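The values are calculated or read from the model by the stated rules, or taken from the named source; none is laboratory data. For clarity, every value in this text was computed on a predicted model and none was experimentally measured. Please note: Cβ atoms are built from the backbone with ideal geometry, for glycine as well, and neighbour counts cover all protein chains shown. Areas reflect the complete protein model, heavy atoms only, side chains present, ligands, DNA and RNA absent. Shrake-Rupley method; radii C 1.70, N 1.55, O 1.52, S 1.80 Å.
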Amino acid sequence: MHDVVDLRSDTLTTPTPEMRAAMAAAEVGDDVWEEDPTVKRLEAMAAERLGKEAALFVASGTMGNQVAVMTHTRPGQEVIVDADAHIYMFEVGGIARLSLCQVRPLPTERGLPSPEQVRQAIRPSNIHVPPTGLLCLENTHNRHSGSAFTPEEVTAAARVAREHGVPVHLDGARIFNAAVALRRDASEFCREVDSVQFCLSKGLAAPVGSLVVGTRGFIAEARRNRKLLGGGMRQVGVLAAAGIVALERMVDRLAEDHANAKRLAEGISRMPGIRVDLSRIQTNIVIFHVDRPGGVQELVEGCRARKVKLHAIGPAAIRCVTHKDVDAEDIERALAAIEEVVAAWA
Ligand code: TLP
């Protein structure tokens, strides 16, 4: 049990004592010179876990995604995305600004474009249209309540793009949540995609960092683009050391976060004025809808006064994310706080 129950994001997790010890003891070198042994170990481990040739340690999920887009595309191309994708909605317009590409957003039911949608979105060879340069997928999907897609679903969408010569990037910020929830190996989700970005500093609880994985050639070019963005870091093994602990120790425990999210969603679903689709809660994200005008603000403020922090993601929706700094008792406290606020609506 914690003093404050912070459900705003799994980015709020703090490093474990084991991570801090590993950081203090990390062997380091200048990583721009590719001489940091701890970074090299983390990169090798990440590539191996996802079944790819090579990996690159970057400062954030946003940097990883945008470096990947820059590396895959040329200016003037079009990038196909789901309409609620993080890479399109919440990365400061990076695709337009950094890669000089336009975005083709596809509305989807659960966050993953169907093979047919991908087929129809790929541009024909025609002087009037931008060539399709990349397909981006997201697994798990943040704005679709953490929905997790099976390797087969990812493969089906990705294959269509690749058959047309279009590379595929997977925003796997929470790919290990998908792997744990669906009981599949993380590498299975990556077989038919060209690059993947995953985060160490969400549910895996490292303080900083993400990895981009792909072929050796792709990662060499991504390294150049990371430098361009000012992301060449020096004795960064102190951060990579925490990432190694994250990959070795923090993956299996994600199942606890998923159980807590389910318990939270079930509790909320019984409350009047709130709608949550339980069938969508597969991992650690619970998005619920509030019918009452002003209800979102009342809930966020009312819960905050009761030391429970929720995140409003629109005028009628709230997102809660479970993580290692929220335990089962905290979930009961959060439910009690929400219930007290909702009771006043009767
Ligand atoms: N998501 C954050 C915020 O940016 C909204 C959160 O609290 O969930 N891809 C996905 C699917 C993400 O959810 C995020 C972060 C990123 C990429 C970007 O990672 P960072 O924050 O490390 O740049």
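Taking Leu200 as the residue in question, decide whether it is in the same structural domain as Asp82 (by TED's automatic domain parsing) and surrounded by fewer than 24 Cβ atoms within 10 Å (Cβ to Cβ).
no
Given the residues Pro167, Pro151, which is the only one that is open to solvent by less than 10 Å² (accessible area, probe 1.4 Å) and either away from the ligand (no atom under 12 Å from the Cβ) or farther than 21 Å from Thr14 by Cβ (or both)?
Within the list Pro167, Pro151, the selection yields Pro151.
Quick one: is Gly64 within 15 Å of the ligand (Cβ to nearest atom), in contact with a Ser or Thr (Cβ under 7 Å, 6 or more places away or on another chain) and closer than 30 Å to Pro131 by Cα?
Yes; evaluated as a whole, the condition is true for this residue.
Is there a residue in segment 225-243 that is free of Cβ contacts under 8 Å to residues at least 60 places away in the same chain and in contact with a Ser or Thr (Cβ under 9 Å, 6 or more places away or on another chain)?
There is no residue in segment 225-243 that is free of Cβ contacts under 8 Å to residues at least 60 places away in the same chain and in contact with a Ser or Thr (Cβ under 9 Å, 6 or more places away or on another chain).
A quick yes/no check of all residues on (1) under 30 Å from Val103 (Cα atoms); (2) within 16 Å of the ligand (Cβ to nearest atom); (3) exposed (fewer than 15 other Cβ atoms within 10 Å of the Cβ):
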site	(1), (2), (3)
Met23	no, no, no
Ala26	no, no, no
Gly51	yes, no, no
Ala68	yes, yes, no
Val79	yes, yes, no
Asp82	yes, yes, no
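Answer yes if at least one residue in segment 289-299 is in a strand (DSSP E or B), surrounded by 14 or more Cβ atoms within 10 Å (Cβ to Cβ) and assigned by TED's automatic domain parsing to the domain that holds Glu339, and no otherwise.
Checked segment 289-299: at least one residue is in a strand (DSSP E or B), surrounded by 14 or more Cβ atoms within 10 Å (Cβ to Cβ) and assigned by TED's automatic domain parsing to the domain that holds Glu339.
Please indicate, with yes or no, whether at least one residue in segment 6-21 is crowded, with 19+ Cβ neighbours inside 10 Å and assigned to a helix (DSSP H, G or I).
Yes, the conditions are met somewhere in segment 6-21.
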